[in-house]
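Colleague: First, the structure itself, so that you have it in front of you.
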Amino acid sequence: MFFETSPDVFSPNYIDKGTLAMLSVAEFGESGKVLDLGCGYGAVGIYAAKLIGGANVLMSDIDAGSIELAIKNARLNGVGDIEAIQSDAFENIDCADFTMILSNPPYHSDFSVAKRFIEKGFNRLAIGGKMYMVTKRKEWYKNKLSAIFGGAKIEEVDGYFVFCSEKRSMQYSKAGKHK
């Protein structure tokens with residue numbers, strides 16, 4: 001895969017190790033509906049499209065420049081049928097039947113973005129759908145994903161924590177009701 005980037009996007013010189021760690025753990029089926037949430041220049045979405053087809057992938061980012069690069073990179077990598085939209089988290093995303101949401105959220109600041117990604121992402125997954133997140137911080141994400149999803153599988157890869165939580169019901173877990 002080849003990517004055009006910009007100094008204005010996250011990890012412009014190479015796909016960062018956290019993203020690679022997440023992709024090494026994520027289990028893609030032969031089909032499904034995947035959301036690359038906070039797509040940057042599109043590496044995760046394009047990888048998913050190579051596995052399950054571009055028509056089954058949505059890439060989103062708050063930054064218009066990132067969306068332009070993601071669209072350009074999808075074409076460059078032969079998966080131009082991926083949809084990419086500018087959206088602040090889920091504001092412009094109508095779908096509620098994703099089988100997988102993948103995200104490398106900003107984790108060097110407060111947890112407000114990740115909190116919104118997790119809480120709103122739960123509602124956008126189909127039953128059995130999985131949310132994958134990668135961070136360098138363990139406890140907050142473990143607690144938040146457990147509160148909303150009822151648990152999280154955690155794998156440590158190359159110094160990063162990759163979380164996978166599965167939506168098993170239409171309601172937040174019982175633990176999430178108290179938070």
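The values are calculated or read from the model by the stated rules, or taken from the named source; none is laboratory data. These numbers come from a predicted model, not from an experiment. Glycine also receives a Cβ, built like all others from the backbone with ideal geometry; neighbour counts cover every protein chain displayed. Heads up: the accessible areas ignore ligands, DNA and RNA and are worked out on the full protein's heavy atoms, side chains in. Shrake-Rupley method; radii C 1.70, N 1.55, O 1.52, S 1.80 Å.
Colleague: I'd like the distance separating the alpha-carbon centroids of region 63-113 and region 12-54, in whole Å.
Modeller: Going from one Cα centre to the other spans 10 Å.
Colleague: Next question. Express in Å², to the nearest 10, the accessible area of Ser11 obtained by rolling a 1.4 Å probe over the protein heavy atoms while all chains stay in place.
Modeller: 20 Å²
Colleague: Now for a separate question. Once ligands and nucleic acids are excluded and a 1.4 Å probe is used, how much of Glu83 is accessible, expressed in Å² to the nearest 10?
Modeller: Number for this one is 110 Å².
Colleague: Within a Cβ distance under 12 Å of Ala74, other residues only, what is the Lys/Arg minus Asp/Glu net charge?
Modeller: Details: positive: Lys50, Lys72, Arg75; negative: Glu4, Asp36, Glu68, Asp81, Glu83.
That works out to -2.
Colleague: Accessible area per residue of region 35-179 at 1.4 Å probe, in Å²?
Modeller: On the way: 6730 Å² over 145 residues.
I get 46 Å² per residue for region 35-179.
Colleague: Can you give the accessible area of Lys50, probe radius 1.4 Å, in Å² rounded to 10?
Modeller: Near enough 110 Å² of accessible area.
Colleague: Lysines near Lys142 by alpha-carbon distance under 23 Å, same-chain residues fewer than 8 away left out - which ones?
Modeller: Excluding near neighbours in sequence, the set is Lys17, Lys115, Lys120, Lys130, Lys153, Lys167, Lys174, Lys177, Lys179.
Colleague: What is the ratio of the Cα radius of gyration of region 88-161 to 2.2 N^0.38 Å, with N the residue count, to two decimals?
Modeller: Values: Rg = 12.0 Å, N = 74, 2.2 N^0.38 = 11.3 Å.
In units of the globular-protein estimate, region 88-161 measures up at 1.06.
Colleague: Another one. Ordered by residue, what ³J(HN,Hα) values in Hz, to whole numbers, does region 76-91 give under the Karplus form 6.51 cos²θ - 1.76 cosθ + 1.60, where θ = phi - 60° and Gly and Pro are x?
Modeller: These are the phi-based 3J(HN,Hα) values: 4, 9, x, 10, x, 8, 5, 8, 9, 10, 7, 7, 7, 6, 9, 4 Hz.
Colleague: Students sometimes get this wrong: rank Arg168, Arg124, Arg75, Arg137 by accessible area, probe 1.4 Å, all chains present, largest first.
Modeller: Correct descending sequence by accessible area is Arg168, Arg75, Arg137, Arg124.
Colleague: Give me the percent of the accessible area of region 1-115 that comes from carbon and sulfur atoms, probe 1.4 Å, all protein chains in place.
Modeller: Reported share for carbon and sulfur atoms: 51 percent.
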